[in-house]
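Single-structure report; data block below.
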Amino acid sequence: MVNATTGPRHPTITVPHVGEMAEGQLRGHLCVWCGQGLRPDASVDLGPRIGEDDHRWYPRSCPACAVPQLHGQLVEHTGSCEQCADEPRLCTVWESLQSALREGRRIIARARTDRS
């Protein structure tokens, strides 16, 4: 896994290496972790990236993969970040991971409500 150069939305979310992904994963049509097809209204945007060759790509995830992946990254980060020990809301990494994690949880909750 690598952390590619990204745009401002989620600049610090670690995703699989570009070379490990199918074209659909690079375009945001398939989950970057499991390869499942995604709907625009039911996927987590992980922020546009710019690869080493200046090629833009758009990783997204299904909520089932995003929640555990992002939670794990958040736990790992907060365990080693001095800013998070003092005041996590001032840490851009924490904020980015929390924002995407909330998005994933909202999608899951909405899907449960829609099934009821």
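Here are a few things to note about the model shown:
- Computed helical MRE - 222 nm, the chain, DSSP H runs ≥ 4 contributing -39500 (n - 2.57), nearest 500: -13000 deg cm²/dmol
- Paramagnetic reach from Asp114 in segment 51-68 [backbone N under 20 Å; point 7 Å along Cα→Cβ]: 60-68
- Three-way shape label, segment 5-61, alpha-carbon gyration tensor, a/c 1.5: oblate
- With the largest listed first and rounded to whole Å, the semi-axes of the equivalent ellipsoid of the chain from the Cα gyration tensor are 22, 20, 11.
No lab work stands behind these numbers, since they all come straight from the coordinates. No experiment lies behind these values; they were computed from the predicted model shown. So basically every Cβ, Gly included, is an ideal-geometry build from the backbone, and we count neighbours across all protein chains shown.
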